[in-house]
Amino acid sequence: MYNPALHQQINEVLQQEKIDIGGKDNLFYTRFIANATAIDALFRDIYGSHHQSREFYARLIQLIAKSYIQRPDVLKERDADKEAKGNWFLSNDITGMSLYVDRFCGDLKTLGTKLDYFKKLGVNFLHLMPVFESPEGESDGGYAVSDFRKVDKRFGTLEDLRKVQAQMQDEDMYLMLDIVLNHTSHKHAWAEAAKKGDPGYQNYFYIYNDRYFPDQFDQTMPEIFPESSPGSFTWNEEMKKWVMTVFHHYQWDLNYSNPAVFLDMLDTIFFYANLGVDILRIDAPAFIWKQLGTSCQNLPQAHTLLRLIKQCVQVSAPGMALLGEAIVAPKEIMKYFGSGLYTAKECDFAYNATQMALQWDALATGDTRVMLAAQHELLQKPYGCSWITYTRCHDDIGLGYDDYMIQRTGFAPFEHRKFLKEYYSGQNGSPARGALFSVNPKTNDARISGSLASLCGLESALASGDANDIDMSVRKIILMQAQSFFIGGVPMLFYGDEAAYTNDYSYLNDPGKSYDNRWMHRPVIDWEKNKLTSKEGTVEARVFSATQRLISIRKNIFLAGDYKNLTWMTPHNIHVAGFLRTFEGQKLYCLFNFRNKASYVTWFAFKEHGAAPSQLYDHWSGATFEVGMDHDYLIMEPYSFLLLEAR
Ligand code: GLC
């Protein structure tokens, strides 16, 4: 709703800043006025009762204006281009890769020389794992940031980052960086000031004199890293106080009930926006609001803060989309896209972590029923938002889907998860080679580490040299990627997976990493090995060329973009999961056989959604099928898939 007082306040600030509201800055001005009431309401919702609410609100208005003024013209032009495309990030044209700059190629300068590699593969979107300063040995892979604006010297300088961004922009590539919103390193200047006794900075964190509050919090807060960092608080000897550290003991949780924290972090968000970030990955947003008596995850205030960030970013840096890294239960994930008035106005992206885990479930069991039991939740995603779809990332695989999804198939949830954990950690004769991560002896919970190739059995197959096993594991790798590429959303490869890297155990020799087995699937790239991707007949070449082909097929099929155009096919076989992608009368049937044997699908499966096609063209194999009689079958090879366009 229009608010004249706000309008006036904004006009005054913009006049002071000499923003040309009637001329070149008019679009910014319009966006600001259009979002002002929402920004005001969201801010008041969280900070309205704070004793300095008005001052902080004035600072917020200033910050939005300043960030816009500082935004380079070339980015303002890029914003306009993206706006003209409308929902640019839903397109089938974008394929991402997530990588650690140092482990991939050394540093940012060298990354600039690798753009051809991405081009060859078809990747045009890079997620650079955290590059800002982070103490060696206590960095959590860069997620413990000691300076949000200084590139860690391991990677180079801020100038190097700017250069890579500019190079990528010239090549029409997109960039994703992280904002680690929930915590800082204990070496960050704010934490250092807190340690020295500065009360203002102690109020940037959750710091307590004794165990009174920590004990109460501990009763309801689940542990994130129970093995390496049990509990959610750490004793600091310098202050002689307890600090909230939900993740590792060296990651101090920021206190967002303090508006100064919010404004400082929003300022950093704008700093990243103005570096040319296209998609900002908001790390661990589920955790940013804490309240006694709750799990301190997914609280309504966390959503209010994210919405506030979104509306502010939309005003000053409208070309930057937001990805909320919420790896939470399916129902909770959906809320990160916004709800009610804010539907599709919170995070533009979330990880489809549920689908990712369900693919691993289906691969281990050869049964797709649990996957299908979850889809009614995932289909709730609003139009205009999208998923990051993936099979592996730098983190572990959590089996976080709901128990009822397992029960619907007749399996017992506890036993079923136990089976999956044993399977992927290579027990009972399983071909997978992974490991259990963060085992919680109190709850028996555990997650799974391991690379795509090793979890698909390639490591064990190569060790035994069995040609059939190698073939099966390569099929599994490609099957897993294919499903995540076509289910809707931006596919995000994890570096190394395109060249079939198996687990890298060198982390065990590094005391800064050996306590965290997620490092087994974060390889150091050997560019000699990567040359094998062009040597016909090698496993590397098979996986690389399949990945390349999947990307290129996807780029040529408009309806592979995410336009709320996904319908699941009625299952005709428990081993095969199939869905239909549609757009204006065009249809693409995507079928995936998770079984180690051939599977049969009746032709009737293709006759349920509108006019039955007479021919189906498989984009993957190039074969054309005549749709047969209802009692005849389409036969799918073990671990195979079909991308069938209706003709
Ligand atoms: C996110 C990151 C993970 C990290 C955690 C704490 O979940 O993906 O790697 O350990 O946040 O920052």
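Once you have the alpha carbon radius of gyration of the range 480-548, what is it after dividing by 2.2 N^0.38 Å, with N set to its residue count?
1.29
For the chain, what does the helix formula give at 222 nm: sum of -39500 (n - 2.57) over DSSP H segments with n ≥ 4, over the residue count, nearest 500 deg cm²/dmol?
-11500 deg cm²/dmol
Quick one: compute the contact order of the range 357-479, relative version, from alpha carbon pairs under 8 angstrom and 6+ residues apart, as a percent.
19 percent.
For a quick check of understanding: with a 1.4 angstrom probe and all protein chains in place, what accessible area in square angstrom does residue 246 have, to the nearest ten?
0 Å²
For the pairs 85/555; 240/442; 335/476, flag any whose C-alpha to C-alpha distance is greater than 23 Å.
On the way: 85/555 16 Å; 240/442 29 Å; 335/476 32 Å.
Correct reply: 240/442; 335/476.
If DNA, RNA and ligands are ignored and the probe is 1.4 Å, what is the ranking of 572, 303 by accessible area, most exposed first?
Greatest to least solvent exposure: 572, 303.
Roughly how many debye, to the nearest 20, is the charge dipole of the chain about its Cα centre, given +1 on each Lys and Arg Cβ, -1 on each Asp and Glu Cβ, and no other charges?
600 debye
Return the aspartates and glutamates within reach of residue 187: Cα separation strictly under 18 angstrom, same-chain partners fewer than 8 residues apart disregarded; answer none if there are no such residues.
Excluding near neighbours in sequence, the set is 133, 136, 138, 140, 147, 152, 198, 237, 238, 253, 264.
Quick one, what does Rg over Rh come out to for the range 172-265 if you take C-alpha atoms and the Kirkwood Rh?
1.02
Considering only DSSP beta bridges whose two residues both sit in the chain, what percent are antiparallel, to the nearest 5?
Expressed as a percentage, antiparallel bridges in the chain total about 65.
Let me understand the range 37-159 better: what is its radius of gyration from the alpha carbons, and its Dmax, in angstrom?
Every Cα atom of the range 37-159 included, Rg and Dmax give 19.3, 56 Å.
Here is the link list: 418/564; 120/529; 241/331; 150/513. Which ones come out longer than 28 Å on Cα distance? Don't skip to the end; give the middle numbers.
Working: 418/564 34 Å; 120/529 17 Å; 241/331 37 Å; 150/513 23 Å.
Over 28 Å Cα-Cα: 418/564; 241/331.
Report the relative contact order of the range 502-647, percent, no decimals, based on alpha-carbon pairs under 8 angstrom and at least 6 residues apart.
17 percent
Determine ³J(HN,Hα), in whole Hz, for all residues of the range 116-124 in sequence, where each value follows from phi through the Karplus function 6.51 cos²θ - 1.76 cosθ + 1.60 and θ = phi - 60°; x replaces Gly and Pro.
5, 4, 5, 4, 4, 6, x, 7, 10
Determine which aspartates and glutamates satisfy two conditions relative to residue 531: a Cα distance under 17 Å, and not lying fewer than 8 residues away in the same chain.
116, 497, 498, 540
When the Kirkwood radius is taken over all Cα pairs of the range 263-359, what Stokes-Einstein diffusion coefficient follows at 25 °C and 0.890 mPa s, in µm²/s? Show your work: numbers first, answer last.
Working: Rh = 13.8 Å.
The Stokes-Einstein estimate is 178 µm²/s.
Taking amide hydrogens as modeled 1.01 Å from N in the peptide plane, which residues meet the under 5 Å criterion relative to residue 175, leaving out close sequence neighbours?
Distant-sequence amide H within range of residue 175: 126, 278, 279.
Determine the principal axes of the Cα atoms in the range 310-367, then give the extent along each, sorted from largest to smallest and rounded to whole angstroms.
48, 23, 13
How far apart, in nm, are two points set 7 Å out from the Cα along the Cα-to-Cβ line at residue 442 and at residue 138?
For the pair residue 442/residue 138, the computed spacing is 2.4 nm.
How many percent of the alpha carbon pairs in the range 1-109 exceed a separation of 22 Å?
51 percent
Starting at the first residue of the range 491-501, write each ³J(HN,Hα) from the Karplus equation 6.51 cos²θ - 1.76 cosθ + 1.60 with θ = phi - 60°, in whole Hz, x for Gly and Pro.
Once θ is set to phi - 60°, the couplings for the range 491-501 become x, 10, 7, 9, 3, x, 5, 5, 10, 6, 5 Hz.
Taking K and R as +1 and D and E as -1, what net charge do the other residues with C-beta under 13 Å from the C-beta of residue 625 add up to?
For residues surrounding residue 625, the net value is -3.
State the answer as a single residue: which of 230, 451, 641 lies farthest towards the positive end of the charge dipole of the chain, with beta carbon charges of +1 for Lys and Arg and -1 for Asp and Glu, about the Cα centre.
Result: 641, furthest along the dipole toward the positive end.
Separation of the range 331-401 and the range 410-474 by C-alpha centroid, Å?
Here the two parts' Cα centres lie 21 Å apart.
Inverting the mean 1/r over all pairs of different Cα atoms, compute the Kirkwood radius of the range 566-646 and quote it in Å.
Result for the range 566-646 stands at 12.6 Å.
Mind running the shape call on the chain? Use the C-alpha gyration tensor, a ≥ b ≥ c as the square roots of the eigenvalues: rounded below 1.5 for a/c, prolate if a/b tops b/c, oblate otherwise.
It comes out prolate by the Cα gyration axes.
List, in order, the whole-Hz ³J(HN,Hα) value for each residue of the range 87-99 obtained from phi through the Karplus relation with A = 6.51, B = -1.76, C = 1.60 and θ = phi - 60°; use x for Gly and Pro.
Those phi angles translate into 6, 3, 7, 8, 5, 6, 7, 9, 9, x, 9, 9, 8 Hz.
Could you work out the local net charge near residue 522, counting Lys and Arg as +1, Asp and Glu as -1, over the other residues with Cβ closer than 13 Å to its Cβ?
-4
In the range 480-580, what trypsin sites (Lys or Arg not before Pro) fall in a loop by DSSP, with at most 16 other Cβ atoms inside 10 Å?
Counting only loop positions with at most 16 other Cβ atoms within 10 Å, the trypsin sites (Lys or Arg not before Pro) in the range 480-580 are 535, 564.
So, with +1 on the Cβ of K and R and -1 on the Cβ of D and E, and no other charges, what is the size of the charge dipole of the range 235-312 about its Cα centre, to the nearest 20 debye? Before the final figure, lay out each step's value.
Values: 6 positive and 7 negative charges, 54 e Å.
That gives a dipole near 260 debye.
With every protein chain present, what is the per residue accessible area of the range 566-646 (1.4 Å probe, Å²)? Spell out each step's value before the answer.
Details: 3580 Å² over 81 residues.
For the range 566-646, the per-residue accessible area is 44 Å².
Sort 452, 436 from largest to smallest accessible area, using a 1.4 Å probe on the heavy atoms of the protein chains.
From most exposed to least exposed: 436, 452.
With an 8 Å Cα cut-off and a minimum separation of 6 or more residues, compute the relative contact order for the chain in percent.
Relative contact order, the chain: 12 percent.
If you put +1 on each Lys and Arg Cβ and -1 on each Asp and Glu Cβ, how big is the dipole of the range 566-646 around its Cα centre, in Debye rounded to 20? Before the final figure, lay out each step's value.
Details: 5 positive and 8 negative charges, 51 e Å.
Around 240 debye, computed over the range 566-646.
Hey, what's the Cα Rg ratio for the range 285-413 versus the globular rule of thumb, 2.2 N^0.38 Å? Don't jump to the answer; show the numbers that get you there.
Numbers: Rg = 15.7 Å, N = 129, 2.2 N^0.38 = 13.9 Å.
Ratio of Rg to 2.2 N^0.38 Å for the range 285-413: 1.13.
The values are calculated or read from the model by the stated rules, or taken from the named source; none is laboratory data. Model, not experiment: these values are computed from the prediction. Note that each Cβ is placed from the backbone with ideal geometry, even for glycine, and that neighbours are counted across all protein chains shown. Just the protein is used for accessible areas: all its heavy atoms, side chains included, with ligands, DNA and RNA removed. Shrake-Rupley method; radii C 1.70, N 1.55, O 1.52, S 1.80 Å.
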